[in-house]
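Trainee: Quick one: structure below, then a few questions.
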């Protein structure tokens, strides 16, 4: 097994973008392997032998294999010494935002975007997801009017984690004109050295 980083994912997967962006922002070289989600390669025996969850992303590094985007971000923060927390209390704040993202932001914004752009969903489901997504975006706005980044004056893996779906809000039909602090935060993330869109990072290299 290679000692380098190999990321398995798909360009349309926000969860795949998270570790790819982290690797780019930290200047860490990696190999990318596309997983054919349309053809359900993630459910194939060969892939599932490596990843019992049958999902993307997956990151391998030496003898380590990680199969959840949040776990990958935590690992990369430890390995690179970048975008991590400053101590035990700060670590709790970072963890809270990361857990919250999967419960609220991904479910509200990520799934709204999926059912509007990729696989049309039931109107009642879309209405419910819109409520979850608006609540999540309001939560981001409430925090970001107080701090430049989610846990203070510098970005962490919490910001990377939340940014990758918050950037898609308009594609989920969410109004961002009333959320200027969140828009400014997204722009600040995109101004970080090494930032690149999914199409540039989640491709064969």
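The values are calculated or read from the model by the stated rules, or taken from the named source; none is laboratory data. Predicted model only: the values in this text are computed from it and were never measured. Glycine also receives a Cβ, built like all others from the backbone with ideal geometry; neighbour counts cover every protein chain displayed.
Trainee: When you look at residue 115, is it within 21 Å of residue 164 (Cα to Cα), in a helix (DSSP H, G or I) and under 15 Å from the mean Cα position of the chain (by Cα), yes or no? Working first, answer last.
Mentor: Details: within 21 Å of residue 164 (Cα to Cα): yes; in a helix (DSSP H, G or I): yes; under 15 Å from the mean Cα position of the chain (by Cα): no.
So residue 115 does not fit the description; no.
Trainee: Only one residue in 121, 177, 131, 194 is exposed (fewer than 13 other Cβ atoms within 10 Å of the Cβ), outside any helix (DSSP H, G or I) and either outside the structural domain of residue 12 (by TED's automatic domain parsing) or touching a helix residue (DSSP H, G or I) at 6+ places or on another chain (Cβ under 8 Å) (or both). Which one? It would help to see each step written out before you state the result.
Mentor: Values: 121 fails: exposed (fewer than 13 other Cβ atoms within 10 Å of the Cβ); 131 fails: outside any helix (DSSP H, G or I); 194 fails: exposed (fewer than 13 other Cβ atoms within 10 Å of the Cβ).
The match here is 177.
Trainee: For the stretch 84-94, which residues satisfy the criterion of being in contact (Cβ under 8 Å) with a residue 60 or more places away in the chain and either under 14 Å from the mean Cα position of the chain (by Cα) or assigned to a helix (DSSP H, G or I) (or both)? Break it down into steps so the answer makes sense when it comes.
Mentor: The initial filter retains those residues of the stretch 84-94 that are in contact (Cβ under 8 Å) with a residue 60 or more places away in the chain, namely 84-85, 90, 93-94.
Selection gives 90, 93, 94.
Trainee: Separate question: List the number of the failed condition for residue 147; all other conditions in (1) in contact with a helix residue (DSSP H, G or I) (Cβ under 6 Å, 6 or more places away or on another chain); (2) free of Cβ contacts under 8 Å to residues at least 40 places away in the same chain; (3) within 24 Å of residue 92 (Cβ to Cβ) hold.
Mentor: Failed condition: (1).
Trainee: A follow-up question, please. If residue 161 meets every condition in (1) outside any loop (DSSP other than H, G, I, E, B); (2) under 12 Å from residue 133 (Cβ atoms) apart from one, which number is that one?
Mentor: That leaves (2) as the condition not met.
Trainee: Buried (at least 19 other Cβ atoms within 10 Å of the Cβ) and either within 24 Å of residue 155 (Cα to Cα) or touching a strand residue (DSSP E or B) at 6+ places or on another chain (Cβ under 8 Å) (or both): does that describe residue 29? Talk me through it step by step, then tell me what you get.
Mentor: Working: buried (at least 19 other Cβ atoms within 10 Å of the Cβ): no; either within 24 Å of residue 155 (Cα to Cα) or touching a strand residue (DSSP E or B) at 6+ places or on another chain (Cβ under 8 Å) (or both): yes.
In short, no.
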